[in-house]
1. Kindly report the accessible area of the chain per residue (heavy atoms of protein chains, probe 1.4 Å, no ligands, DNA or RNA), in Å².
2. Within the chain, which DSSP H helices have Cα atoms that stretch 20 Å or more along the helix axis and a mean Kyte-Doolittle hydropathy of at least -0.5?
3. Convex hull volume of the Cα atoms in segment 298-448, per residue, in Å³?
4. For residue 494 and residue 258, FRET efficiency with R0 = 45 Å and r from the beta-carbon atoms, rounded to 0.05?
5. With r defined as the distance between the Cβ atoms of residue 40 and residue 602 and R0 fixed at 41 Å, what FRET efficiency is calculated, to the nearest 0.05?
6. State, to one decimal in nm², a quarter of the convex hull surface area for the C-alpha atoms of segment 331-393, i.e. the direction-averaged projected area.
7. At 1.4 Å probe size, with the rest of the protein present, what percent of the exposed accessible area of the chain is carbon and sulfur atoms?
8. By average Cβ neighbour count within 10 Å, what is the ranking of 324-337, 51-64 from highest down?
Amino acid sequence: MNVTKRFWISLILSLPLLVEMLVRPFTGWMLPGGDWTMLILTSMIMVISARPFVSSAWSAFEQHHANMDTLVALGTLTAYLYSIYAMFINKPVFFESAAFVITFVLLGQVLEEKMRSNASGAMSKLLTLGAKSALVKRGAEFIELPIEQVVSGDLIQVRPGEKIPVDGQVVSGQSSIDESMVTGESIPVKKQVGDSVIGATINQTGSIVIKAQKVGSDTMLAQIIEIVQKAQNSHAPIQNLTDKVSDIFVPAVLIIALVTFLVWFVFLGKSVATALIYAVSVLVIACPCALGLATPTALMVGTGLGAKHGILIKNGEILEAANKLDTIVFDKTGTITAGKPQVTEVVGDRHVLQLAASLEQLSEHPLAPAVLAAAKAAQVKLLPVNHFRALEGQGISGQVDAQAVFVGTLKQDLGLVVAPALTEKVKVLQKEAKTVVLVAINHTAIGLIAIQDTPKKEAQKAIKELKQQGLKTIMLTGDNQAVAGAIANQVGIDQVIAGVLPIDKAAAIAKLQQTDRVAFVGDGINDAPALSQADVGIAMGSGTDVAIEAGGIVLIKNNLKDVGRALKLSQKTFNRIKLNLFWAFIYNVLGIPVAAGVFSGIGLVLSPELAGLAMAFSSLSVVSSSVLLGRSKI
């Protein structure tokens with residue numbers, strides 16, 4: 001039986017007890033059947049509504065452990081069992097205390113569930129936003145099929161106003177797409193042939209045909225939902241501290257309740273009933289429900305807020321680590337720069353570009369598309385290549401027309417013969433922030449190709465904001481010092497670590513971690529080890545699946561300013577967790593002395609019923625505090 005049903009049953013059965021409690025002092029009216037009726041109603045509440053608390057407390061006891069249910073179970077069972085004993089010896093009973101405490105505790109849990117439901121409402125809403133059908137090409141026509149029948153490779157027509165059914169690539173037409181429900185970006189994005197589109201976003205202006213690339217659980221929407229749901233159910237390391245405190249706190253409260261009973265009964269000479277009321281009040285007011293809610297509710301709201309802004313945080317551990325960073329390290333190509341390099345200059349004859357493009361057609365290097373695009377624009381015919389090899393961190397080589405061809409960086413240890421004029425030209429181009437690719441035949445350089453990738457338009461402002469947050473910024477790249485330094489100067493990076501082989505990026509991060517807590521921002525396959533090594537790996541959403549998998553935070557909008565937003569979100573979430581913990585502790589610290597009757601001399605006392613109600617509202621206040629986090633601006 002769920003919490004809501006248990007609450008309503010408990011409330012209905014408690015109402016007669018409440019009526020008698022309110023009316024009896026003025027009229028002397030009692031329930032028909034007197035104490036027997038109260039016993040029956042309270043027994044039903046204990047069996048139906050309180051049983052899960054008792055079961056939980058017993059399970060904890062068997063494991064030599066005490067939890068928050070221990071306090072609820074002990075408090076209500078004490079009141080219930082004593083009342084049965086008192087009924088048979090004609091003493092005053094307080095069945096209503098046991099009944100009301102269970103009802104109020106359940107009221108708190110029902111309200112918590114409602115708040116949790118509201119907090120995760122954004123994700124639930126996303127689940128319903130996907131298209132239910134698609135116009136799929138079968139034969140010569142587009143026919144409407146259920147979304148479950150769409151497979152990768154299908155051609156799908158999307159008309160204006162319709163949702164994009166799956167992740168895919170535009171193969172004909174152009175339009176503007178509203179991607180706000182996935183990326184949080186309110187401005188529609190123009191799409192044309194070759195551009196990628198995201199499933200569940202809305203086609204606005206034109207009719208387009210897309211080729212399905214990812215369907216079902218592979219779509220970005222499905223992966224976003226999975227990541228956020230996992231994060232919302234994860235634990236942050238600070239939760240371990242809360243659990244340890246609870247382990248000490250609960251036994252301490254049991255001792256305080258026992259001491260309270262003994263003081264009132266033995267030393268102050270009060271009746272057993274009076275002493276028990278104070279002891280039960282201590283048990284109920286001290287129940288650390290709010291303590292247990294402080295961290296998970298804030299994490300749930302924080303990760304949900306991030307998802308709304310296109311910032312996916314995979315778990316609570318990452319969120320906490322992001323709050324303690326000293327240094328942010330950036331990959332260059334595709335992260336600081338736009339990742340769309342273009343050939344700006346070819347030094348040498350037409351054969352230089354032809355040889356370079358012939359080898360680059362077999363390469364996966366980020367600069368290869370730029371060389372191939374230049375060759376295509378120059379209508380250069382590509383040549384067959386034999387014995388192709390990728391030389392990590394150096395370049396590529398192969399045999400073309402029975403000659404050994406090398407395309408790559410200019411390094412002394414490669415043993416290439418380079419004319420002084422070419423060497424000087426390389427230095428000039430590198431000072432202009434251009435990457436220079438050397439083309440050599442049989443170890444003799446015959447020409448150069450200059451390639452330039454410009455910084456993203458938001459890079460300078462994003463770096464400035466991170467520095468204002470007190471973070472040190474570093475660029476880590478395999479490019480040479482001159483090119484990397486020129487890019488770094490343009491965007492305001494503090495330090496450059498250049499000439500690092502892809503395989504050594506993780507080691508460079510580990511070295512920085514000896515003195516700092518480091519985040520790494522990257523997007524390529526070769527960034528995956530560094531993303532995993534860093535205290536916080538931040539993957540750009542436009543990057544490879546491998547990089548996104550390795551990153552703890554994924555920035556869907558591919559916007560560098562979201563790095564700062566993610567860190568602000570982390571700070572706000574953990575500040576809220578600390579605030580929640582503070583109020584939960586203060587509540588218990590202040591409430592226990594009052595419940596124990598320390599201030600009874602001035603008329604300040606707390607009955608078990610009021611303690612239960614106060615505890616319910618304490619939990620509610622913590623959950624409300626977390627929900628308010630969802631309205632924060634980041």
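The values are calculated or read from the model by the stated rules, or taken from the named source; none is laboratory data. Since we're looking at a predicted model, the values are computed, not measured. Note that each Cβ is placed from the backbone with ideal geometry, even for glycine, and that neighbours are counted across all protein chains shown. With ligands, DNA and RNA removed, areas are computed over all heavy atoms of the protein, side chains included. Shrake-Rupley method; radii C 1.70, N 1.55, O 1.52, S 1.80 Å.
1. That works out to 46 Å² for each residue.
2. 3-27, 68-88, 95-119, 237-262, 289-308, 561-595, 608-629
3. For segment 298-448, the hull spanned by Cα atoms encloses 169 Å³ per residue.
4. Step by step, r from the Cβ atoms, then E = 0.15.
5. In this case the efficiency is close to 0.60.
6. 4.9 nm²
7. With neighbouring chains kept in place, the figure for the chain is 59 percent.
8. Per-residue Cβ counts within 10 Å, averaged per peptide and sorted highest first, yield 324-337, 51-64.
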